[in-house]
1. If you fit an axis through the alpha-carbon atoms of helix 25-77 and take the longest principal axis of the Cα set of the chain, what angle between them do you get, 0 to 90°, nearest 10?
2. What residue among Gly33, Gly41, Gly17 has the largest mean-square fluctuation in a Gaussian network model of the chain, using Cα springs under 10 Å?
3. Compute the FRET efficiency between Gln1 and Gln59 as 1/(1 + (r/R0)^6), taking r as their Cβ-Cβ distance and R0 = 35 Å, and round to the nearest 0.05.
4. If you add up the charges near Ile12, with Lys and Arg at +1 and Asp and Glu at -1, over every other residue whose beta carbon is less than 13 angstrom from its beta carbon, what do you get?
5. Output the relative contact order of the chain, whole-number percent, from Cα pairs under 8 angstrom with separation of 6+ residues.
6. With a 10 Å cut-off between alpha carbons and a GNM built on the chain, which of Arg35, Arg66, Arg56 moves the most?
7. For segment 19-73, what is the convex hull volume of its Cα atoms per residue in Å³?
8. Hey, what's segment 2-76 come to in accessible area per residue, 1.4 Å probe, Å²?
Amino acid sequence: QELALLDDTNTIFKLLGPVLVKQELDEAKGTVGKRLEYITGEIKRYEQQMQELERRSEQQRETLGRLQQELQRAQGKG
């Protein structure tokens, strides 16, 4: 958003190690765009992992519930 406010008359610098190096506006926009794409992709990947883990967790809860019921039935008969 900040880069959208700039034009070719503005000077842009990027940090390269301990040094600030002059950078073209289009290059800066491209770099930021690629980073945002990467971050968005990582967020989606982690969200999918979380959904899968939640699904597995729910399956384990269901299995545990069934085992507890079976154990209670077996103890009632004994």
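1. Result, in degrees: 10.
2. Among Gly33, Gly41, Gly17, the largest GNM mean-square fluctuation belongs to Gly17.
3. Calculated value: 0.25.
4. -3
5. Rounded, it is 16 percent for the chain.
6. So, out of Arg35, Arg66, Arg56, the one fluctuating most is Arg66.
7. Value for segment 19-73: 65 Å³ per residue.
8. Heavy-atom SASA per residue in segment 2-76 reads 91 Å².
The values are calculated or read from the model by the stated rules, or taken from the named source; none is laboratory data. Because the structure is predicted, anything quoted here is derived from the model rather than measured. Quick reminder, even Gly has a Cβ in these numbers, built from the backbone with ideal geometry, and neighbours come from all protein chains shown. These accessible areas exclude ligands, DNA and RNA; they are computed on the full protein's heavy atoms, side chains included. Shrake-Rupley method; radii C 1.70, N 1.55, O 1.52, S 1.80 Å.
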